[in-house]
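Here is the structure we will look at, set down as structure tokens.
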Amino acid sequence: MIKDTLRNEINALLDLLDDPDSSVYESVYKRFMQIGPATSEILEDALSMSLDDGYQKRIEYILDDISKNHALNLSENWLQNNPDDILEGYLIFTRYQYPNLNTEEIINQVEALRINIWMELNENLTALETVRIINHILFKVHRFEKDTAEISNPKYNYLNQVLQSKIYTHCSIALLYLILTKKLELPIKGVLYKGSPILCYVNDINKKTEEIVYKDVLFYIDPYNFGNVIPKDILKEIGSTILPLNNPKEMLPVVPSELILKTIYSTALSEKENDNHKKSEDLMYFHSLLKTMSEK
């Protein structure tokens with residue numbers, strides 16, 4: 001809850017927001033950026049009540065920049081302190097589009113899926129049997145379906161929309177699958193095979209992603225095609241037939257940040273295809289900053 005002193009300051013800043021003096025607006029803008037997300041609720045209320053077009057545009061601009069700055073701050077904290085938590089990274093990206101996202105609700109939905117799968121597992125199952133159970137729960141019981149539209153809808157790259165609609169893209173289902181299998185403590189990793197996200201089942205859950213080599217991989221999983229299992233030699237053969245591998249590492253796991261970056265990039269392209277050029281540019285900007293952070 002916002003304290004009265006802060007609420008009074010925000011309201012005072014709003015009174016100055018339509019001041020014609022640009023220096024006043026710049027000072028107000030800087031202060032809103034300093035306060036950050038705590039201002040969002042009051043700004044949104046002011047936006048809904050105002051009929052002044054110029055005033056509305058200033059509020060929208062400030063809200064947008066607050067959201068972006070917050071996402072970047074969260075991203076930096078994630079990469080520095082908990083880069084292996086793919087759920088945290090995915091929630092940050094989702095909040096970039098949906099600033100008022102109820103993350104607790106999303107986490108609870110993911111946990112419910114995890115429990116559904118966990119109840120069907122036991123320690124005597126083989127790796128293949130385990131994957132079949134996961135696939136059954138996700139694609140048969142919960143009926144997650146792929147987005148087959150000619151022009152993909154970018155909203156299906158966001159976790160909240162995937163859980164709500166049960167419609168997914170290549171990226172979003174790979175991320176959801178990984179989140180669940182990590183919570184289930186299964187040795188499944190993400191792979192960017194020829195730039196497309198798939199998964200692999202490895203033989204050692206304790207090995208760090210960057211330490212895994214080709215012989216550690218048992219088989220591959222294509223989550224977009226309902227978790228279809230692909231033997232190692234078949235994937236290698238298919239890949240070399242279609243397009244030679246640019247780098248043998250394309251068949252090896254990547255760290256979570258690379259999968260999040262791929263999702264952001266794909267969403268930006270999808271926004272462009274849907275003629276949402278401003279949103280596409282915003283996502284490309286976010287992608288470039290996050291990429292720079294991840295390479296430090």
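FYI, it's all coordinate maths here, none of it is from the lab. Everything quoted here is computed from the prediction, not taken from an experiment. Please note: Cβ atoms are built from the backbone with ideal geometry, for glycine as well, and neighbour counts cover all protein chains shown.
Between residue 61 and residue 295, the simple label model (points 7 Å from Cα in the Cβ direction) yields a spacing of 3.1 nm.
How high is the FRET efficiency from residue 210 to residue 9, r the C-beta distance, R0 41 Å, rounded to 0.05?
Details: r = 47 Å, r/R0 = 1.15.
About 0.30, to the nearest 0.05.
With Cα atoms defining each centre, the range 95-121 and the range 200-214 are spaced 26 Å apart in the structure. Calculated [222 nm] ellipticity per residue, helices only, for the chain: -18500 deg cm²/dmol; basis is -39500 (n - 2.57) per DSSP H run with n ≥ 4, divided by all residues, nearest 500.
Calculated on C-alpha atoms, the gyration radius of the range 149-279 divided by its Kirkwood radius gives an Rg/Rh of 0.98.
Within 10 Å of each candidate Cβ there may be at most 15 other Cβ atoms; applying that plus a DSSP loop requirement, which trypsin sites (Lys or Arg not before Pro) in the range 170-244 survive? List each step's numbers first, then the result.
Working: sites: 182, 183, 189, 194, 207, 208, 215, 232, 236; in loops: 194, 207, 208.
Sparse-neighbourhood loop trypsin sites (Lys or Arg not before Pro): 194, 207, 208.
Residue exposure proxy: 216, 52, ordered by other Cβ atoms within 10 angstrom of their Cβ from fewest to most, comes out as 52, 216. With 23 Å as the limit on Cα-Cα distance, the pairs of 189/249; 155/236; 183/207; 182/262; 182/278 that go past it are 155/236; 182/278.
Across the options 161, 35, 49, the greatest Cα extent toward the positive end of the charge dipole of the chain (unit charges at beta carbon of Lys, Arg, Asp, Glu) belongs to 161.
Here the label points at residue 121 and residue 41, each 7 Å from Cα along the C-beta direction, are separated by 3.8 nm in the simple model.
Mean-square fluctuations from a GNM of the chain, with a 10 angstrom spring cutoff on Cα atoms, peak among 45, 18, 275 at 45. A simple rule links phi to the HN-Hα coupling: the Karplus curve 6.51 cos²θ - 1.76 cosθ + 1.60 with θ = phi - 60°, which for the range 172-188 gives 5, 6, 5, 5, 4, 4, 5, 4, 5, 5, 5, 5, 8, 6, 9, x, 10 Hz, with x for Gly and Pro.
Each 10 Å bin from zero holds the following percent of Cα-Cα pairs in the chain: 6, 24, 30, 21, 10, 6, 1, 0.
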